[in-house]
Every structure is written in C-alpha cells, then in structure tokens.
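Right, one structure below, let's go through it.
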Amino acid sequence: MALPDWFLAFSQERPQHITVRATSATMHQAVVLAMLGFMSTPSDLERIASNLPGVTGEGISFSIGKKALCWAYLARTHAKGRREPVHGVVAVACEIAVKEMLIEAMPALYFDDDHYRGYPAVLIRLDEMDNAELETRLEEAWRLRAPARLRQSAFG
C-alpha cells in the first residue's frame, strides 16, 4: 500500500514544525496526525496534566490546590458579549517573559489577546502543538504553581 503524499511530507524523526502537502486536510488526516503525536488534543492535555504530582481537574482545566495550571480560553464573539469557550485553545500558566518569547518565536502556536495581556498565562492552539511541546508547557506551569515542598519531593 502506497502512502499518500501528505503523509510523505513527514520525516522519520519528529519535526518541530509540520507542513502538510495536501491542499486541504481532511478529518481522516487530522486523526492520523493526532495519533502520531504531531498535534495535541484535549485528551492529550488531560493525560499529561493528570500525571503531574498533586494536580487535580478534568477535561482541559487543571490546578494544584487553588492555583490553576491550564484552563479553557474564553473569548468574546462581539463587543460586550458573553465570553464563550474557544474549541482547541487553552490558557496555560507561565512567566510573562517566557510568554512573550513564545509568542514572538512561534505565533502560529502561541498567542495573546487583550484580556490576557500582562497576565502570566499564554494561549495555545492545541491542534498546532505536538505532545512533547505540550508536555513541556504543562511541566513548566506545574513548576511555577506547585508548592516548594511538592516540587522538592517530586524532583529531589
């Protein structure tokens, strides 16, 4: 069985950024990419966050005690309207300097809006992010928000 052209665009090693050669990605292609770990899903986020020490939550909202690690991104569809969840986008806690660096380095993956400007959390497009990068962001959020005693017991 021959592999389709869009699949041949990927190397054997996991690339940092992926380009799909197909003119329009189908749902089948998106599922295959997710299965290969080339794009993250809410289930990947839940799996990764649930395995961090002391973390509680479900879906895409996780915290350590009362300190949030990640949560649903809510945006207004029109001025003064209700803020509605945006599918496939999450906010993840991080230092502001790291946030600015991430947004500048990878604007297709990380972004900001007026509501989050100046707040220590970066907005992430899950379908643009691979699982290794998502794991890194969640581990950094955990280190930022976890109590010192928990950090020491988890990593010595």
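Every number in this text was worked out from the coordinates using simple rules, so none of it is lab data. None of the values given here were measured: they were computed from a predicted structure. Because the Cβ atoms are built from the backbone with ideal geometry, glycine has one as well, and the counts that use them run over all protein chains shown.
Can you pull out every residue in the stretch 107-125 that is over 11 Å from the mean Cα position of the chain (by Cα) and hydroxyl-bearing (Ser, Thr, Tyr)? Matches in the stretch 107-125: Tyr116, Tyr119. For Leu52, are the conditions met, namely being assigned to a loop (DSSP other than H, G, I, E, B) and under 26 Å from Ala148 (Cα atoms)? For Leu52, the condition - assigned to a loop (DSSP other than H, G, I, E, B) and under 26 Å from Ala148 (Cα atoms) - is met. In the stretch 83-108, of all residues being touching a helix residue (DSSP H, G or I) at 6+ places or on another chain (Cβ under 9 Å) and in a helix (DSSP H, G or I), the one that is surrounded by the most Cβ atoms within 10 Å (Cβ to Cβ) corresponds to Leu102.
Considering only residues that are under 24 Å from Arg151 (Cα atoms) and surrounded by 12 or more Cβ atoms within 10 Å (Cβ to Cβ), which ones fall in the stretch 60-82?
Ile60, Ser61, Phe62, Ser63, Ile64, Gly65, Lys67, Ala68, Leu69, Cys70, Trp71, listed by residue number.
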